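Worksheet for the structure shown next.
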Amino acid sequence: MLTIDAEEVYALAPYAKTLGVVFDEITPAAVRATLAHDVSLSTVGGGLHGGALMGLADVCAAVCAALNGPPGAAPATVESTTHFLSPARTSVVATASPLRTGRNTVVEVDIHDAGGELCAKVTQVVTAVTPRSS
């Protein structure tokens, strides 16, 4: 079974660190991460920008897919559907869980605010690709 820690994710996908994603749990069954509310990530009304929420979801889904996909393959999102359900005016927690695993892994990501309200639900199809040697 593949294992990975937050520092390895940041090395492989620097955007996760740039965005401010902090991992709380990284296992094949669930990847959980927090994104702090910051005015630089907000939009009109003070809520976190949808792109920040989608970035958080994409990072979590990719890690989840990598942990559940073929060994040595890298995750590449091929489809993503986001339902924004309520504004996120606080820090948020995303939890990614696999719905179907394999070469194409389907991952569901729930994003809750600090009060536990579901702010966004994301479903992604993440495919496994063989990294090219440089």
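Every read-out reported here was derived from the displayed coordinates using simple, explicitly stated rules and does not represent laboratory data. Quick caveat: nothing in here was measured; it's all calculated off a predicted structure. Here Cβ is always computed from backbone atoms with ideal geometry, including for glycine, and neighbour counts include all displayed protein chains.
For the range 4-21, the Karplus equation 6.51 cos²θ - 1.76 cosθ + 1.60, evaluated at θ = phi - 60°, returns couplings of 8, 10, 4, 4, 5, 4, 4, 5, 7, 9, x, 4, 4, 6, 4, 5, x, 5 Hz by residue, with Gly and Pro reported as x.
Taking all pairs of different Cα atoms in the range 22-134, averaging 1/r and flipping that mean, what Kirkwood radius in angstroms comes out?
On the way: mean 1/r = 0.0709 Å⁻¹.
Averaging 1/r across every pair of different Cα atoms and inverting gives 14.1 Å.
Multiplying the residue separation of Thr34 and Leu118 by 0.36 nm and subtracting their alpha-carbon distance yields 28.9 nm. Packing here is the average count of other Cβ atoms within 10 Å per residue, and on that basis the peptides 110-123, 83-96, 39-52, highest first, run 83-96, 110-123, 39-52. Among 60-68, 6-14, 23-31, sorting by the average number of other beta carbon atoms lying within 10 angstrom of each residue, highest first, gives 60-68, 23-31, 6-14.
When only Cα pairs under 8 Å and 6 or more residues apart are kept, what is the percent relative contact order across the chain? Before the final figure, lay out the partial values.
Numbers: 302 pairs, mean separation 33.0, N = 134.
Computed value for the chain: 25 percent relative contact order.
If you fit an axis through the alpha-carbon atoms of helix 50-68 and take the longest principal axis of the Cα set of the chain, what angle between them do you get, 0 to 90°, nearest 10? Once rounded, the angle reads 30 degrees. Computed on the range 33-95, with alpha-carbon pairs under 8 angstrom and 6+ residues apart, the relative contact order is 53 percent.
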